[in-house]
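Visitor: Here it is, the structure in full.
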Amino acid sequence: MNRTRLLLVALVAWIGVFLLTVAWVLATPIGNGPDESNHFAKAAATVRGQWTGVPTGAQGITTVHVPRAVTDPQGAVPCAARDAAKSATCMPPFSTAAGDVEVPTGVGDYFPGYYLLVGWPTLLLDGAHGYLAVRLVSALVTSALAAVVVLVGAALRYRHALPAWAAVAVTPMTVYVGALVNPSSVEIAGCAALAAVTWLVLHDGEGRRLRWWLTLLVVCGVVAGSMRTASPLMVVVVVLGVLLTDVPRAVQLLRRRSVLTALGAAVVLLVPAVLWSAFVAGPAGYIPSSPERYGFVEGTLRTLALTPKWGEQMVGLFGWFDTTLPAWVVTAWAMGIGLVVLAGLAVRRRALPGTVFLIAATVLVPAVLQGIGAAEYGIIWQGRYGLPLLVATLLVVGLAADRDVFRARALRPLVVVVPVLAAVGQVVAFAVVLRRYAVGVSAPFASVFGAEAWHPFGGTVLAFVLLLVGLALAGGALAVSTSASPGSVALRSAVLRIDPDQPDGRRGARTHRRPGTPA
């Protein structure tokens, strides 16, 4: 696939994911995302020059100074929170009064990168329009990073089932978080993009305008690593996990000047975020969850014991932990994740260290991070914090299984069946959450179209149309990306030769340029 077609596929994917995310932007009432009002206040303050909050007497709470007209009138907790039977019709309107107010927030000392990126619409728009505009800007960045995964799929020159792995990795909770004012949205998509680009550079990057891909790798890594306090660690884990899927090849790459230059640039550009986390955000602390406190070992073990809970939350637990998915959706998604993990454990010896490392890290990193803070804050971990690792892990493990576990004929049904089933799950999740906010979770679904229901901006029908069109475009772009890759079978026979030192010819193939092909 030539560069023009690659960019066209990526553009269609970007539009599709953006429309899918916009549907959630509209269908989620103002402030009803977890801690969203805190992040919105931080964004409005950051673009006005207040990069840190003013300490208060409460642990983890600071205040920021923002115009009253861009302040969520519900405060930190929305009126419909924690009661799934209560609709969002209780929301008060934004104030139109002039003047500034002090707003408490639990994220006042977070690194300002994300908030500078998305908060600028509050300088132009007040009230709900400003809030939605910030969501849309965040969704635009998130969807662009997600499109990078599709771009990589189209660029890979061997048969793969990336659409299936992406369909499993992108859980309903992943899409939901992507629609909120929350740095986790960009962190998740950034880690997914980073994993995909690193995979391409390692396994299929020879003679492929390597410097261009390395530049994209640096951008994805720096953006993903600058979002939250733990983001730099997530980036390191993802890159290391991919490199471990082919250590000999990774060693060869790390001897190249262009690769070392890219890694050095990424490290330098991440220094501000790392220093901020170490000297500003970390010492500022977090909001405690409960009176219970634990030592490192007990906190780590308790967090490990709660792994099934975090898993359910990563599939879908919406709002203020008050809206759950039907059990069959959660079970089906858990089965899909389990099958990918089992396939990752069945890969051949060369790729096994990477897949085992990433699978283990997805479980152990949350436990260790929580264990470190359990003595001061209690158990404050939430499943969505682990999505950057889960999504990246499933993509990498799936790509490794493509080469070592599945036969070529088995990939075709995977590419069709899994995305279709996942799309059904996405629609069900959207309908469940929309009904919860429109009329309450126990009301008949047909009542979401009634006059007494809460309606998304632009209407309920528009939200569903955007959802379906977005799914179709994103799915179509993924399908094109994988159909283009087998088209390179002829290219493989002309451009690749089998490395006799490798136990598996496909996995050990080295790429060689044809005469006249640019490097």
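Visitor: For the stretch 122-140, how many residues meet the condition of being free of Cβ contacts under 8 Å to residues at least 60 places away in the same chain and either buried (at least 24 other Cβ atoms within 10 Å of the Cβ) or assigned to a helix (DSSP H, G or I) (or both)?
Guide: First, the residues of the stretch 122-140 that are free of Cβ contacts under 8 Å to residues at least 60 places away in the same chain: 124-127, 129, 133, 137-138.
Going one step further and asking which of them are either buried (at least 24 other Cβ atoms within 10 Å of the Cβ) or assigned to a helix (DSSP H, G or I) (or both), we end up with 127, 129, 133, 137-138.
Residues that pass the stated criteria total 5.
Visitor: Okay, next question. Does any residue in the stretch 100-120 that is closer than 11 Å to Thr46 by Cβ come within less than 9 Å, Cβ to Cβ, of a residue that is among the basic types (Lys, Arg) and part of a loop (DSSP other than H, G, I, E, B) six or more places away or on a different chain, and which pairs are these?
Guide: Between residues of the stretch 100-120 that are closer than 11 Å to Thr46 by Cβ and residues that are among the basic types (Lys, Arg) and part of a loop (DSSP other than H, G, I, E, B), the close pairs are Tyr110/Arg228; Phe111/Arg228; Tyr114/Arg228; Gly119/Arg48.
Visitor: Do the conditions hold for Val70, that is, is it of a type outside the set (Gly, Ala, Ser), in contact (Cβ under 8 Å) with a residue 24 or more places away in the chain, within 23 Å of Asp109 (Cβ to Cβ) and buried (at least 24 other Cβ atoms within 10 Å of the Cβ)?
Guide: yes
Visitor: For Ala392, which of the numbered conditions (1) part of a loop (DSSP other than H, G, I, E, B); (2) in contact with a Cys (Cβ under 6 Å, 6 or more places away or on another chain) fails to hold?
Guide: Every listed condition holds for Ala392 apart from (1).
Visitor: As an exercise: evaluate Phe457 against (1) assigned to a helix (DSSP H, G or I); (2) within 26 Å of the chain's Cα centre (by Cα); (3) surrounded by fewer than 21 Cβ atoms within 10 Å (Cβ to Cβ) and give the number of the one condition it does not meet.
Guide: (1)
Visitor: For the stretch 383-405, enumerate the residues that are surrounded by 19 or more Cβ atoms within 10 Å (Cβ to Cβ), modelled with pLDDT under 95 and more than 14 Å from the chain's Cα centre (by Cα).
Guide: Matches in the stretch 383-405: Gly398, Leu399, Ala400, Ala401, Asp402, Arg403, Asp404.
Visitor: Next question. In the stretch 335-358, how many residues are farther than 21 Å from Val415 by Cβ and surrounded by fewer than 22 Cβ atoms within 10 Å (Cβ to Cβ)?
Guide: Of the residues in the stretch 335-358, 8 are farther than 21 Å from Val415 by Cβ and surrounded by fewer than 22 Cβ atoms within 10 Å (Cβ to Cβ).
Visitor: Still on this structure, I have one more. Are there any pairs with C-beta distances below 8 angstrom linking a residue in the stretch 82-93 that is touching a residue at least 40 places away in the same chain (Cβ under 8 Å) and assigned to a loop (DSSP other than H, G, I, E, B) to a residue that is aromatic (Phe, Trp, Tyr) and crowded, with 16+ Cβ neighbours inside 10 Å, with the two at least 6 apart or on different chains, and if so which?
Guide: The qualifying pairs are Arg82/Trp320; Ser87/Tyr437; Ser87/Trp454; Met91/Trp454.
Visitor: Among the residues of the stretch 51-67, write down those that are under 15 Å from Phe111 (Cα atoms) and either under 27 Å from the mean Cα position of the chain (by Cα) or among the hydroxyl-bearing types (Ser, Thr, Tyr) (or both).
Guide: Scanning the stretch 51-67 gives Trp51, Thr52, Gly53, Gly60, Thr62.
Visitor: Does Pro308 satisfy the criteria of being without any contact (Cβ under 8 Å) to a residue 60 or more places away in the chain, surrounded by fewer than 16 Cβ atoms within 10 Å (Cβ to Cβ), over 30 Å from Thr198 (Cβ atoms) and not hydrophobic (A, V, I, L, M, F, W, C)?
Guide: The answer is no for Pro308.
Visitor: With respect to Ala451, is the statement that it is in a loop (DSSP other than H, G, I, E, B) and modelled with pLDDT under 90 true?
Guide: yes
Visitor: If we scan the stretch 157-175, do we find a residue that is surrounded by fewer than 24 Cβ atoms within 10 Å (Cβ to Cβ), in contact with a strand residue (DSSP E or B) (Cβ under 8 Å, 6 or more places away or on another chain), modelled with pLDDT under 95 and of a type in the set (D, E, K, R)?
Guide: Yes, that holds for at least one residue.
Visitor: Residues of the stretch 167-200 being farther than 18 Å from Ser138 by Cα, of a type in the set (S, T, N, Q) and part of a helix (DSSP H, G or I), which ones?
Guide: The one that is farther than 18 Å from Ser138 by Cα, of a type in the set (S, T, N, Q) and part of a helix (DSSP H, G or I): Thr198.
Visitor: Another question, then. Tally up the residues in the stretch 325-351 that are closer than 23 Å to Thr28 by Cβ, over 19 Å from the mean Cα position of the chain (by Cα) and in contact (Cβ under 8 Å) with a residue 60 or more places away in the chain, please.
Guide: 3
Visitor: Sticking with this structure for a sec: Can you spot a residue in the stretch 372-379 that is assigned to a loop (DSSP other than H, G, I, E, B), within 23 Å of the chain's Cα centre (by Cα) and in contact (Cβ under 8 Å) with a residue 60 or more places away in the chain?
Guide: Within the stretch 372-379 (the criterion being assigned to a loop (DSSP other than H, G, I, E, B), within 23 Å of the chain's Cα centre (by Cα) and in contact (Cβ under 8 Å) with a residue 60 or more places away in the chain), the answer is yes, since at least one residue qualifies.
Visitor: Out of Gly75, Gly113, Gly106, Gly60, report the one residue that is buried (at least 17 other Cβ atoms within 10 Å of the Cβ), on the phi > 0 side of the Ramachandran plot and not charged (D, E, K, R).
Guide: Gly60
Visitor: Give the number of residues within the stretch 228-247 that are touching a residue at least 60 places away in the same chain (Cβ under 8 Å) and assigned to a helix (DSSP H, G or I). Write out each step before concluding.
Guide: Going through the stretch 228-247, the residues touching a residue at least 60 places away in the same chain (Cβ under 8 Å) turn out to be 228-231, 233-234, 237-238, 240-247.
From what is left, the residues that are assigned to a helix (DSSP H, G or I) are 231, 233-234, 237-238, 240-247.
The qualifying residues number 13.
Visitor: Those residues that are surrounded by fewer than 24 Cβ atoms within 10 Å (Cβ to Cβ) and farther than 12 Å from Pro183 by Cβ, I need them from the stretch 31-46; list them, please.
Guide: Pro34
Visitor: Kindly list the number of the only condition in (1) over 16 Å from the mean Cα position of the chain (by Cα); (2) closer than 28 Å to Ala23 by Cβ; (3) charged (D, E, K, R) that fails for Arg228.
Guide: Status for Arg228: all satisfied but (1).
The values are calculated or read from the model by the stated rules, or taken from the named source; none is laboratory data. From a predicted model like this one, the values you see are computed outputs, not experimental measurements. Note that each Cβ is placed from the backbone with ideal geometry, even for glycine, and that neighbours are counted across all protein chains shown.
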